[in-house]
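Asker: Have a look at the structure that comes next, please.
The values are calculated or read from the model by the stated rules, or taken from the named source; none is laboratory data. Every value quoted in this text rests on a predicted model; they were computed, and no experiment measured them. Glycine also receives a Cβ, built like all others from the backbone with ideal geometry; neighbour counts cover every protein chain displayed.
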Amino acid sequence: MEKEFQNIYDEIVDLMENAISESAHPYRTFSLASVDDKSPKVRTVVLRDFSKKNNYFEFHSDIRSPKLAELKNNNNFSALFYSSQTKVQIRFNGKTKVFYDCSETKKRWDQVTPSSKRCYMGPYSPSESLSEYHPNIPESVQFKNPSDKESLIGYKNFVIVRCYFDKVDYLKLKYSGHFRCNFMLSESKIDAEWIAP
């Protein structure tokens with residue numbers, strides 16, 4: 001790659017790696033889009049891992065979530081990261097792989113905090129209607145920190161979604177003039193080009 005493209009790609013990697021360790025980083029949460037049979041779906045998820053070497057990033061989810069069914073039927077994804085401070089937007093496109101009840105999930109589950117583990121312990125599937133309980137939310141929906149034994153209930157719902165990207169779109173918004181470029185990744189190289197913002 002040309003030096004200017006390499007500098008931008010290095011910036012992208014630094015931003016992603018910093019977001020892993022800094023909870024307040026603007027790229028720590030991002031928008032992930034998937035497709036069901038009828039329309040695109042988008043939601044906010046939390047960045048949990050990033051690999052420059054293997055071109056992927058990860059987030060955690062609940063196996064009962066509708067997005068898991070969507071990604072099973074069509075594993076294409078688009079992800080959007082944006083910082084209002086720096087005015088840098090980064091979009092990733094590629095394919096997902098879901099890890100469930102395996103060595104990767106067991107190792108990661110041991111690192112998840114008790115307050116996060118409780119998110120996977122609810123008796124209801126994510127997005128399931130609770131209208132029959134309105135206006136009083138049942139006590140079983142309210143969260144409490146689980147014991148180690150109780151957290152095993154949550155593990156059966158825990159998944160890691162790995163997003164392998166093969167295209168990265170970088171956009172820098174500036175008053176003096178926006179600029180944008182694309183990176184196309186293959187196993188052997190990264191191609192880059194300037195495109196209209």
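Asker: Please go through (1) under 24 Å from L173 (Cα atoms); (2) without any contact (Cβ under 8 Å) to a residue 40 or more places away in the chain; (3) in contact with a Phe, Trp or Tyr (Cβ under 9 Å, 6 or more places away or on another chain) for A33 and return the number of the only condition it doesn't satisfy.
Answerer: Result: A33 passes all but (2).
Asker: Given the condition at pLDDT 85 or above, surrounded by 11 or more Cβ atoms within 10 Å (Cβ to Cβ) and part of a strand (DSSP E or B), answer yes or no: does some residue in segment 119-133 qualify?
Answerer: Within segment 119-133 (the criterion being at pLDDT 85 or above, surrounded by 11 or more Cβ atoms within 10 Å (Cβ to Cβ) and part of a strand (DSSP E or B)), the answer is no, since none of the residues qualifies.
Asker: Within segment 50-66, count every residue that is without any contact (Cβ under 8 Å) to a residue 60 or more places away in the chain and in contact with a strand residue (DSSP E or B) (Cβ under 7 Å, 6 or more places away or on another chain).
Answerer: So the count comes out to 1.
Asker: Sticking with this structure for a sec: Is at least one residue of segment 68-80 within 10 Å of the chain's Cα centre (by Cα), surrounded by fewer than 19 Cβ atoms within 10 Å (Cβ to Cβ) and not small (G, A, S)?
Answerer: yes
Asker: Just to be sure I understand, how many residues within segment 149-182 are in a strand (DSSP E or B) and farther than 20 Å from T86 by Cα?
Answerer: 10
Asker: Here is a further query. Could you check segment 180-195 and list, in sequence order, the residues that are under 16 Å from K95 (Cα atoms) and among the aliphatic types (A, V, I, L, M)?
Answerer: Of everything in segment 180-195, those that are under 16 Å from K95 (Cα atoms) and among the aliphatic types (A, V, I, L, M) turn out to be M184, L185.
Asker: Somewhere in segment 140-148, is a residue at pLDDT below 95, surrounded by 13 or more Cβ atoms within 10 Å (Cβ to Cβ) and within 21 Å of K106 (Cα to Cα)?
Answerer: Checked against the condition, which is being at pLDDT below 95, surrounded by 13 or more Cβ atoms within 10 Å (Cβ to Cβ) and within 21 Å of K106 (Cα to Cα), segment 140-148 yields at least one hit.
Asker: Of all the residues that make up segment 1-24, how many are assigned to a loop (DSSP other than H, G, I, E, B) and either touching a Leu at 6+ places or on another chain (Cβ under 7 Å) or loosely packed, with under 12 Cβ neighbours inside 10 Å (or both)?
Answerer: Summing the residues that are assigned to a loop (DSSP other than H, G, I, E, B) and either touching a Leu at 6+ places or on another chain (Cβ under 7 Å) or loosely packed, with under 12 Cβ neighbours inside 10 Å (or both) in segment 1-24 gives 4.
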